[in-house]
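This report concerns only the one structure given below.
The values are calculated or read from the model by the stated rules, or taken from the named source; none is laboratory data. Keep in mind that what you see is a predicted model, and the values were worked out from it rather than measured. Cβ coordinates were reconstructed from backbone atoms using ideal geometry, including for glycine residues, and neighbour counts include every protein chain displayed.
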Amino acid sequence: MKKLFITVAAAAMIFTSCKKYEVSEEINLESLPTVAIKGTVYAVLDETVSAAEYQFAPQGTVVRVSIPYEAYDIHNTSNGFYVKTTTIDSNGNYEIDVPVVSRGVEATVSFTDFTYNVKTQNGVGQEIMVLKHFNCPDRVVAGLGAGQAEGDYIEIDAIYGANAVDPNENALVPTKTVTVSGKMEYYSKVDNACNEINEKDVPAGTKVMAIITLSDPNSYRMHQVTQTVTIGASGVYEIQVPMADRCVATIDLYAEEYWTVAFDTPACGGSTSTNQLWRFELVSAISAYDTPIPQTKKNFFFNRKNYVTDL
């Protein structure tokens with residue numbers, strides 16, 4: 001156990017050694033300086049101890065940082081977001097390095113909900129375990145990177161609160177799993193008519209974030225879990241989806257990668273170079289149902305989004 005301290009601190013240094021970008025330039029996020037967001041996350045997981053003390057949030061709980069692409073490039077009209085995730089360690093700590101520009105970016109830090117068997121007491125003083133659902137409000141960091149140098153950080157500690165709704169009545173408990181699998185690909189060329197062609201397998205080891213929401217249409221109960229899916233050889237992926245009788249699971253998929261695209265004509269975007277580095281994005285979803293023949297096969301394509309640079 002550890003007492004809660006909430007701090008927001010950053011070294012006030014200038015990006016003296018960092019490249020200055022004009023607003024008209026295309027920005028390669030991988031070339032930008034980074035600032036870390038880190039902290040310790042707590043929750044009341046044992047109600048039999050002093051109310052002034054907290055426990056660390058469970059190891060593996062996901063923390064996500066999202067930044068709109070227009071924060072890096074004001075000409076970006078994709079309405080997309082740069083997203084990066086990490087997990088809380090055994091001491092409740094997390095740390096995420098995010099790219100920034102000298103004028104600063106606005107970052108939203110999100111803490112994923114979780115359920116936990118909380119130690120408490122009943123009406124006659126007996127210790128019992130009660131399953132509770134925890135959530136934590138998002139934190140918005142304005143001006144991240146403004147007046148900071150490469151390697152600086154801000155510290156954001158947080159504490160989860162338990163929902164007022166009794167989770168024993170409303171939580172949906174999975175009873176089995178359904179395997180959803182398929183291939184993930186992307187188009188590596190563009191022809192003279194600007195059609196994307198020459199599909200390729202997404203490289204092995206690519207990470208995809210899957211947010212799985214299991215719901216019961218009859219009772220409105222839900223269960224949510226976040227998984228990191230690692231793409232295997234030949235672009236093959238596999239997701240183990242929690243399932244319950246007569247329920248449906250929605251799987252939201254998010255990923256971002258950078259690949260080289262070969263152009264046969266400069267009229268299709270980018271510049272006049274034959275080989276160009278582009279940002280590819282996967283933002284898609286699939287549903288799995290508890291039926292005699294559940295939908296378990298689905299292929300996905302990463303979409304070419306933004307030109308980065310010539311190679």
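Details
- Checking residue 95 against (1) closer than 30 Å to residue 174 by Cα; (2) in contact with a Ser or Thr (Cβ under 7 Å, 6 or more places away or on another chain), the condition it does not meet: (1)
- Condition met for residue 197 (in the same structural domain as residue 239 (by TED's automatic domain parsing), more than 21 Å from residue 114 (Cβ to Cβ) and in contact with a strand residue (DSSP E or B) (Cβ under 9 Å, 6 or more places away or on another chain)): yes
- Only residues that are in a strand (DSSP E or B), among the aliphatic types (A, V, I, L, M) and within 23 Å of residue 206 (Cβ to Cβ) were counted across the stretch 233-266, and they come to 9.
- Residues located in the stretch 141-160, provided they are assigned to a strand (DSSP E or B) and surrounded by fewer than 16 Cβ atoms within 10 Å (Cβ to Cβ): 142, 143
- Count - residues of the stretch 192-225 that are in a strand (DSSP E or B) and within 30 Å of residue 60 (Cβ to Cβ): 14
A quick yes/no check of all residues on (1) over 18 Å from the mean Cα position of the chain (by Cα); (2) at pLDDT 80 or above:
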{"site": "1", "(1), (2)": "yes, no"}
{"site": "12", "(1), (2)": "yes, no"}
{"site": "31", "(1), (2)": "yes, yes"}
{"site": "94", "(1), (2)": "no, yes"}
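- Test: residue in the stretch 45-58 that is in contact (Cβ under 8 Å) with a residue 60 or more places away in the chain, under 19 Å from the mean Cα position of the chain (by Cα) and in a strand (DSSP E or B): no
- Hits in the stretch 61-92 (condition: surrounded by fewer than 19 Cβ atoms within 10 Å (Cβ to Cβ), modelled with pLDDT of 90 or more and assigned to a loop (DSSP other than H, G, I, E, B)): 89, 90, 91
- Qualifying positions in the stretch 293-304 - surrounded by fewer than 16 Cβ atoms within 10 Å (Cβ to Cβ), modelled with pLDDT of 80 or more and not polar (S, T, N, Q): 297
- Pairs with Cβ under 9 Å, 6+ apart, first in the stretch 133-151 and under 13 Å from residue 108 (Cβ atoms), second among the aromatic types (Phe, Trp, Tyr): 136/111; 136/160; 137/111; 138/111; 139/111
- Of all residues making up the stretch 96-135, the number that are modelled with pLDDT of 90 or more, charged (D, E, K, R) and in contact with a Pro (Cβ under 8 Å, 6 or more places away or on another chain): 1
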